[in-house]
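The structure appears below as structure tokens.
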Amino acid sequence: MKNASILLVDDEPNATRVLSAILRAEKYSVLEDMSVDSALNLIKRNPVDAIITDIKMPGKDGYQLFDHVNKHYPHIPVMFLTAYGKIDSAVTALSKGAFYYFVKPPDYQKLKQILHSAIIQSKQDVNPHFPGDVLPESKSEAMIRVYKTVSAVKDKDTSVLLTGETGTGKEVIANYLHYHSRRRDRPFVAVNCAAIPRDLLESELFGYEKGAFTGATANRAGKFEESDGGTLFLDEIGEMDPALQAKLLRVLQERQVQRLGSNKKININIRLITSTNRDLLAEMEAGRFRSDLFYRINVVCIDLPPLRERKEDIPMLAIHFLNKFSEHETRQLLFSDEIFDVLTAYPWPGNVRQLKNAIERAVVICPGPRVSIRHLPDEIRTYNTNNTEESGVQPLRSIEMQAIQDALRACNGNKSAAARTLGISRKALYSRLKAS
């Protein structure tokens, strides 16, 4: 996506200079920094669409940068530049949410392609304009109830509160509600209240006049004004400071907003959708969330179940993500049959987002054509092995090896014939035998 802003973090000026020139030639806006601490300050002051970072640097390293960005700016894709000795660690980072890694010096053509995909995907995750799309198919009764409620309120102006654990798909529902409403041709503006420092969130929402505070060098409209006629989505509203909650309540009551440093009130017409992974009733009792604001935003509450309570949906979601990331890799991949048992057994504390990252990681490291258990992140494989051993159930690896031995006997030791019988490649068969 041209004109996107890319942050390069590397303590080697020559490497940064080359990559910066290549990206600027592609019409990207490039920001450069040589340390993690100064890069984090830069992110606070500037919009960033993607980050490419070295791993080993003086002081804080690229992993620490990734951890901070992943926590506070989860919409920004992070890609690593790594030396050969750091590949294992970089692959581990993929399972935690990093988008990709490149070995120094990178294949610049591939880097440009992956970078473009990363930005497109992040924009779609935050703001996917898909007016003709439908919600993912579900066999879960809990999700079917969610979809029925979504269908009933999608074309209303009613305020909606989306609740559920992190990664359950609250952003997907918020986008669907907007792009299937009569406001679909007007702006959809998403604000992550947890990702913006509290002292900056007010100016982000309300906007400001030139001179309102140090650094306010020009007039700027806030998110309320930007979403006029459309939908404002306040993600993780439970993180909002109580003082700012009071100002938000006034805007919702009066349907007017006042920029910082201005006495002029501006009329706004918005639909408000909010989300939280917190228990707002408990937050109210603790005095951290205003009850009057809670009842204002909680006209319709939609609670999204965690993935562990809708295991019947895991195979369909996994296949959906496999197809999606196979397209990014421009190759067609399939799952091995046994992988679904492992995916379904795992509790998925990170929910759908974690499943998505796990499948992406598997696609990246799988040489093809089948994604198998060994391509999954370690914690998923370890969980399955530990639980089968504790329960006395035979581990899947033992079952797989027994099937291989049976096939070899049936084929009189002919490995090529055994591989065809098992429906795997000869290379995959040799890999399993070597690992046994």
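So if R0 is 60 Å, what FRET efficiency would Leu260 and Glu137 give, r being the distance between their Cβ atoms, rounded to the nearest 0.05?
Step by step, r from the Cβ atoms, then E = 0.85.
Over the chain, one equal point on each Cα, no solvent: what is log10 I(q)/I(0) by the Debye formula at q = 0.06, 0.09, 0.10, 0.11 Å⁻¹?
Ignoring solvent entirely, the Cα scatterers give -0.31, -0.68, -0.82, -0.98.
Of Leu307, Ala218, Leu280, which is farthest along the charge dipole of the range 212-327 in the positive direction, counting Lys and Arg as +1 and Asp and Glu as -1 at C-beta?
With unit charges placed on the Cβ atoms, the residue in question is Ala218.
Sort largest first and round to whole Å: the equivalent ellipsoid semi-axes of the range 241-397, each the square root of five times a Cα gyration tensor eigenvalue.
Semi-axes (√(5λ), whole Å): 45, 21, 12.
Quote the convex hull volume per residue of the range 182-222, based on C-alpha atoms, as a whole number of Å³.
86
Under 8 Å for C-alpha pairs, at least 6 residues apart: give me the relative contact order for the range 176-311, rounded to a whole percent.
About 25 percent, as a whole number.
With every protein chain present, what is the per residue accessible area of the chain (1.4 Å probe, Å²)?
On a per-residue basis, 49 Å².
Cβ neighbours within 10 Å, averaged per peptide: list 302-310, 196-204 in order, most packed at the top.
Ranking the peptides 302-310, 196-204 by packing returns 302-310, 196-204.
Eigenvalues of the Cα gyration tensor times 5, then square-rooted: what semi-axes does that give for the range 143-267, in whole angstrom, largest first?
The equivalent ellipsoid of the range 143-267 has semi-axes of 28, 16, 12 Å.
Under a plain spin-label model, where a point goes 7 Å from the Cα along Cα-to-Cβ, how far apart in nm are Lys104 and Ser416?
It is 4.5 nm.
Work out from phi, with θ = phi - 60° and the Karplus expression 6.51 cos²θ - 1.76 cosθ + 1.60, the ³J(HN,Hα) of each residue of the range 318-328, listed in order in whole Hz, and give x for Gly and Pro.
Per-residue couplings from phi come out as 4, 5, 4, 5, 4, 4, 4, 7, 4, 4, 4 Hz.
Counting only the backbone N, which residues of the range 43-75 are under 20 Å from the spot 7 Å out from the Cα of Lys210 toward its beta-carbon?
Counting only backbone N, you get no residues.
Enter the Cα centre distance for the pair the range 1-78 and the range 322-374, rounded to the nearest angstrom.
Each part's Cα centre sits 28 Å from the other's.
Mind giving me the FRET efficiency for Asn219 and Lys56? R0 is 60 Å, r the Cβ-Cβ distance, nearest 0.05 is fine.
0.90
Considering only DSSP beta bridges where both residues belong to the chain, give the percentage that are antiparallel (nearest 5).
Percentage antiparallel, nearest 5: 10.
With r defined as the distance between the Cβ atoms of Arg426 and Ser35 and R0 fixed at 56 Å, what FRET efficiency is calculated, to the nearest 0.05?
0.70
Determine the relative contact order of the range 224-298: mean sequence separation of Cα pairs under 8 Å and six or more apart, normalised by residue count, in whole percent.
Relative contact order here is 43 percent.
Restricting everything to alpha-carbon atoms, can you work out Rg to Rh for the range 329-379 with a Kirkwood hydrodynamic radius?
0.95
Roughly what % of Cα-Cα distances in the range 226-320 sit above 17 Å, to the whole percent?
60
Express the relative contact order of the range 247-357 as a whole percentage, based on alpha carbon pairs under 8 Å and six or more residues apart in sequence.
The value is 19 percent.
Kindly write out, for the range 374-383 in residue order, the coupling ³J(HN,Hα) from the Karplus curve 6.51 cos²θ - 1.76 cosθ + 1.60 (θ = phi - 60°), rounded to whole Hz, with x marking Gly and Pro.
Per residue, the Karplus-derived 3J(HN,Hα) values read 5, 8, 7, x, 4, 5, 6, 5, 5, 4 Hz.
About its Cα centre, what dipole magnitude does the chain give when the only charges are +1 on Lys and Arg Cβ and -1 on Asp and Glu Cβ, stated in debye to the nearest 20?
I would put it at about 940 debye.
Taking Rh as the Kirkwood radius, which is the inverse of the mean 1/r over Cα pairs, what is the Rg/Rh value for the range 1-75?
Radius of gyration over Kirkwood radius for the range 1-75 works out to 0.94.
Please name whichever of Ala243, Gln113, Val364 sits farthest to the positive end of the charge dipole of the chain, dipole taken about the Cα centre and charges placed at Cβ: Lys and Arg +1, Asp and Glu -1.
Gln113
Would you please put 279-287, 153-161 in order of how densely packed they are, using the mean number of other Cβ atoms within 10 angstrom per residue and starting with the highest?
153-161, 279-287
Using a 1.4 angstrom probe on the protein heavy atoms only, line up Cys366, Cys301, Cys411 by accessible area, largest first.
Final ranking, largest accessible area leading: Cys301, Cys411, Cys366.
The values are calculated or read from the model by the stated rules, or taken from the named source; none is laboratory data. From a predicted model like this one, the values you see are computed outputs, not experimental measurements. Because the Cβ atoms are built from the backbone with ideal geometry, glycine has one as well, and the counts that use them run over all protein chains shown. For the accessible areas, the whole protein counts, side chains as well, though only heavy atoms, and no ligand, DNA or RNA atoms are used. Shrake-Rupley method; radii C 1.70, N 1.55, O 1.52, S 1.80 Å.
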